[in-house]
1. Are there any pairs with C-beta distances below 8 angstrom linking a residue in segment 39-67 that is in contact (Cβ under 8 Å) with a residue 60 or more places away in the chain to a residue that is of a type in the set (Phe, Trp, Tyr) and part of a helix (DSSP H, G or I), with the two at least 6 apart or on different chains, and if so which?
2. Please go through segment 27-70 and pick out each residue that is of a type outside the set (D, E, K, R) and under 12 Å from LYS12 (Cα atoms).
3. Let me confirm something: among LYS56, LYS46, which residue is loosely packed, with under 15 Cβ neighbours inside 10 Å and of a type in the set (D, E, K, R)?
4. When segment 7-38 is examined, which residues are found to be open to solvent by less than 70 Å² (accessible area, probe 1.4 Å) and in contact (Cβ under 8 Å) with a residue 24 or more places away in the chain?
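The values are calculated or read from the model by the stated rules, or taken from the named source; none is laboratory data. The model shown is predicted, which means the values in this text are computed figures rather than measured ones. Neighbour counts are summed over all protein chains in view; Cβ atoms, including those assigned to glycine, are modelled from backbone coordinates with ideal geometry. Accessible surface areas use protein heavy atoms only, side chains included; no ligands, DNA or RNA. Shrake-Rupley method; radii C 1.70, N 1.55, O 1.52, S 1.80 Å.
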Amino acid sequence: MAIPDPNHPCWKRLADGAITRIKTQHLGTQLLCKRIERSTDPITAKVADMHAFFTKWERILPNEVQQLTTV
């Protein structure tokens, strides 16, 4: 499954708190989820961080990428 475009509504939903519902055993993804959850950055910055992370690690996180549009 491909990473959704940065304009996809799933990113805003994730940045608003849905990212904590992603099920993962990957430590980096767990840390990203906590950082986004606690961040006071604007939504656009959170979306950019998440999109960059998942684009970089897409090949080793197929289960997490699949959850992006469903959580």
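1. VAL65/PHE54
2. Listed by number, the residues that qualify are ILE36, PRO42, ILE43, THR44, ALA45, VAL47, ALA48, MET50, HIS51, LEU68, THR69.
3. Being loosely packed, with under 15 Cβ neighbours inside 10 Å and of a type in the set (D, E, K, R) holds for just one of LYS56, LYS46, which is LYS56.
4. Residues satisfying the conditions are CYS10, TRP11, LEU14, ALA15, ALA18, ILE19, ILE22, THR24, HIS26, GLY28, THR29.
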